[in-house]
Every structure is written in C-alpha cells, then in structure tokens.
Amino acid sequence: MLKFRITTAAVAGIVAVALAAGSALGAGPAPAANKSCTKAGAKATAGKVKLVCTKQGKKLLWVAAKATTPPKPPPAPAPSGSAFSASFTGQAQVKASGSKLDIQADASGSSGKLTGSGIGNSDAKPCPVFTGDGQIEASNGDKLKFTVDPNSAGCPVADDENTVNINGFAKVTGGTGKYAKAGGTLKFVGEFSRGSGALSMQWSGSLTGV
C-alpha cells in the first residue's frame, strides 16, 4: 500500500496559492449598502448607487453617498447709480484750420450751466468727429467734469448742411461738491447751427459715487 506524507511546508504552500487565487478572482462580498467595509472613506458603486465606507457605531459599513447640491451663486448686485438728465441751450463757436476744428461751447439750462472746449476732425467719414473736456455746473455751484469720447460726431443734415446733428458719449471724471467722486458715462444728443452758432443739447445717463 502506498502512503503519502504531506509536510508542513507543503501545507503552507497550498494555503498561499489558494489565498493568491482568491484575491485574483475578487474573492469576498461585493460592496452593498449596509454591508461591512474595511477602510473609512473608501468609495464603491453597487449598480447605480454610489457607496462610501462610513463608520456606524463601532463598525465600518457601506452607506449610500448623499447627493450634494452645488451652492447657489450669489444674487447679481442691483444696478447702482443715480439717474442724470439735463437740457441746455446756448452758443458754440467752431473755427476751422484745414481739417482741424477748434470748438468752444457755452450753454445753460434749468439744471445749471454747460461749458466745454475741444478739437474735431472735419475729414473723418462719414461725419466729422470731435473730443474734448468740459463741465456742467449745477445751480448750487457743484461741478460735474467730463471728457467727450473721441468717436462723438456731428453730422450735417442731408437737406440742410447748415444744421449739424450732434451725437456722442462723455466719460464722467469727478468734479466738486456732490460730484467729487462721480463716475459713469453720459449720452448726449443735440443740434448746432453753423450760421448762427445756436446750440441745444440733451444729456442723460447714470452717475456713480453721488
């Protein structure tokens, strides 16, 4: 009769191979809600459910991850600024030297006085353009200073070249009194007569810092 002797070393080798094979085949229970896990914070998925290994009392268990809601963005700030509008009538002088225009304006209205000086380019197409600095002095003496955008234009009326339609924007650059920290952009429209020099303008927009 044949006898087989299994040594301790052989048994150890068999156990090691079995453990390695079990690991390679993914032995052990698959992650599932309320089943034990081994490392807190570990993540897994069971079907369509996302799980997180969480300590429950003295045990570590797979727990369904809570859906997180992204924080709502802060509400957009409400528009700031004070509405501004004013109308002026008065006189303007335009002296031409080649294509260069030297401009002086002086007008008044119920909200104060408008003064300004600047330069223009009569060769610009389709309409002459101008820029310059000026101020609006309120009836109480406070002054609002501005710089006219260089793309502001004066276009002669098609059937009356003596009349010029004015259209443009001015950047507010501070001032005195109430307007010391003023900012913003104002739009202006108006009409200028080349013959008489008569000037009328309407200003509107929003001021910040007042």
Worksheet item: Mind checking which residues of the stretch 106-156 are basic (Lys, Arg) and farther than 17 Å from SER200 by Cβ?
Response: LYS125, LYS143, LYS145
Worksheet entry | Among residues of the stretch 175-185, those that are touching a Leu at 6+ places or on another chain (Cβ under 8 Å) and either hydroxyl-bearing (Ser, Thr, Tyr) or part of a strand (DSSP E or B) (or both), counted | 4
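Here is a yes/no grid of residues against (1) assigned by TED's automatic domain parsing to the domain that holds PHE169; (2) loosely packed, with under 13 Cβ neighbours inside 10 Å; (3) β-branched (Val, Ile, Thr); (4) modelled with pLDDT of 85 or more:
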position: ALA40; (1), (2), (3), (4): no, yes, no, yes
position: LYS72; (1), (2), (3), (4): no, yes, no, no
position: PRO77; (1), (2), (3), (4): no, yes, no, no
position: GLY90; (1), (2), (3), (4): yes, no, no, yes
position: VAL94; (1), (2), (3), (4): yes, no, yes, yes
position: GLN104; (1), (2), (3), (4): yes, no, no, yes
position: LYS113; (1), (2), (3), (4): yes, no, no, yes
Worksheet item: For ALA16, all conditions in the list (1) at pLDDT 50 or above; (2) assigned to a helix (DSSP H, G or I) hold save one; what is the number of the exception?
Response: (1)
Worksheet item: Do you know which residues across the stretch 128-156 are surrounded by fewer than 17 Cβ atoms within 10 Å (Cβ to Cβ) and not in a strand (DSSP E or B)?
Response: SER139, ASN140, GLY141
Worksheet item: Can you tell me how many residues in the stretch 89-126 are under 19 Å from ASP149 (Cα atoms), of a type outside the set (Ser, Thr, Tyr) and outside any loop (DSSP other than H, G, I, E, B)?
Response: 15
Fill in: Subset tally (residues that are without any contact (Cβ under 8 Å) to a residue 24 or more places away in the chain and of a type in the set (Val, Ile, Thr)) for the stretch 92-134
3
Item to complete: Could you list all residues from the stretch 59-70 that are at pLDDT 85 or above and over 14 Å from ALA32 (Cβ atoms)?
Response: LYS59
Worksheet, complete the sentence: When SER196 is run through (1) modelled with pLDDT of 95 or more; (2) under 17 Å from ALA86 (Cβ atoms); (3) in a loop (DSSP other than H, G, I, E, B), the failure sits at (2)
Discussion item. Looking at the stretch 177-196 only, could you name the residues that are surrounded by 15 or more Cβ atoms within 10 Å (Cβ to Cβ) and either closer than 15 Å to THR115 by Cα or among the hydrophobic types (A, V, I, L, M, F, W, C) (or both)?
Written reply: ALA182, LEU186, PHE188, GLY190, PHE192
Worksheet item: Before we move on, is VAL157 in the same structural domain as GLY98 (by TED's automatic domain parsing) and free of Cβ contacts under 8 Å to residues at least 24 places away in the same chain?
Response: yes
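The values are calculated or read from the model by the stated rules, or taken from the named source; none is laboratory data. Note that the coordinates shown come from a computational prediction; the quantities given were computed from them, not determined experimentally. Heads up, the Cβs are rebuilt from the backbone with ideal geometry, glycines too, and the neighbour counts pull from every protein chain shown.
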